[in-house]
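Here, each number is a calculation from the coordinates, and none is a lab measurement. Fair warning: this is a prediction, and the values are worked out from it, not measured in the lab. Using ideal geometry, Cβ is built from the backbone for each residue, glycine included, and neighbour counts are taken over all protein chains shown.
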Amino acid sequence: QKEVEQNSGPLSVPEGAIASLNCTYSDRVSQSFFWYRQYSGKSPELIMSIYSNGDKEDGRFTAQLNKASQYVSLLIRDSQPSDSATYLCAVLEWGGGGNKLTFGTGTQLKVEL
Amino acid sequence: DVKVTQSSRYLVKRTGEKVFLECVQDMDHENMFWYRQDPGLGLRLIYFSYDVKMKEKGDIPEGYSVSREKKERFSLILESASTNQTSMYLCASSFGTSNYGYTFGSGTRLTVV
């Protein structure tokens, strides 16, 4: 069974700081990785995807991937109170004619004023 | 805009009832998924489907069944609801061989009393 591990948190950061969220995965074959944001009582929404080693930036968000270490992270710069949510890491696996995501249990982020 | 619609936002059912949760997507996606989400346990895959009339068991299929008679609709059936099936149920869809992750519906919070 493929595993995706995240620290459950809560991770507390002051407003304006950089929030760093980490994720490790067990399957060396995995090629595609995703970060979802989930507000309390809402469904997950996709915020970042990354497929190659290195960094990928989108606005205040940067995803980092290191396949050799089986490690993916999400950096949020200039954190805002509206970033307070649970962040889910997901890893794509192929099989049976389609794709399937395995999710971590999520890290709760709290951005404090 | 891509959309996954779940028929009910909140549902209360009695123990032993047969419960139908409906999910419709308008994006012509091949893949559809049913998850449940519980505190501390994250997203757990119940069933998924890569094509019409096709279904595969996920990690926790016991007590559930599914139906996919049309490409756009994927139904989750609780044959005889029990209190341990009280949960948030999330439907998602994706293209067959895409790397683009899932689009989630808004979720159905089911309470079995």
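Points worth noting:
- Stokes-Einstein translational diffusion, chain A - Kirkwood Rh over all Cα pairs, 1.306 mPa s, 10 °C, in µm²/s: 112 µm²/s
- For the pair A:Tyr51 and A:Ser26 in one chain, pulling the backbone fully straight at 0.36 nm per residue adds 7.4 nm over the alpha carbon distance.
- Residue by residue, the stretch A:16-21 carries 3J(HN,Hα) couplings of x, 7, 8, 9, 10, 10 Hz when phi is fed to the Karplus relation 6.51 cos²θ - 1.76 cosθ + 1.60 (θ = phi - 60°); x denotes Gly or Pro.
- Annotation: the residues A:Tyr51, B:Tyr102, sorted from fewest to most other C-beta atoms within 10 Å of their own C-beta, follow the order A:Tyr51, B:Tyr102.
- Site pair B:Ser8 and A:Ser82 shows an inter-label distance of 3.4 nm when each label is modelled 7 Å from Cα along Cα→Cβ.
- Modelled FRET efficiency - R0 30 Å, B:Asp38 with B:Lys70, Cβ distances, 0.05 increments: 0.55
- Out-of-range pairs (alpha-carbon distance over 24 Å; input A:Lys100/B:Lys55; B:Lys13/B:Lys53; B:Lys3/B:Lys53): B:Lys13/B:Lys53
- Taking B:Gly96, B:Gly58, B:Gly42 in turn, the Gaussian network model of chain B (Cα-Cα springs below 10 Å) assigns the largest fluctuation to B:Gly42.
- For chain B, fraction of C-alpha pairs farther apart than 18 Å, in %: 45 percent
- Compared with the direct C-alpha span, the chain from B:Asp28 to B:Thr15 gains 1.2 nm at full extension, assuming 0.36 nm per residue.
- Cα Rg over Rh - the stretch A:1-46, Kirkwood: 1.01
- Residue of B:Leu78, B:Leu11, B:Leu45 that the Gaussian network model of chain B assigns the largest fluctuation, springs spanning Cα pairs under 10 Å: B:Leu11
- Extension gain for the segment A:Ser12 to A:Ser69, taken as residue separation times 0.36 nm less the Cα-Cα distance, is 17.9 nm to one decimal.
- Mean shadow area of the stretch B:1-43 over all directions, Cα convex hull, nm²: 4.6 nm²
- Kirkwood Rh and Cα Rg combined as Rg over Rh, evaluated for the stretch B:58-113: 1.00
- Across the stretch A:38-48, coupling constants 3J(HN,Hα) worked out from phi with the 6.51/-1.76/1.60 Karplus curve, θ = phi - 60°, read 10, 7, 4, x, 10, 8, x, 10, 6, 10, 8 Hz, and Gly and Pro carry x.
- Largest GNM mean-square fluctuation across A:Asp83, A:Asp58, A:Asp27, computed for chain A with C-alpha springs under 10 Å, falls on A:Asp58.
- Rule-of-thumb Rg ratio for the protein assembly as shown [Cα; 2.2 N^0.38 Å; N residues]: 1.02
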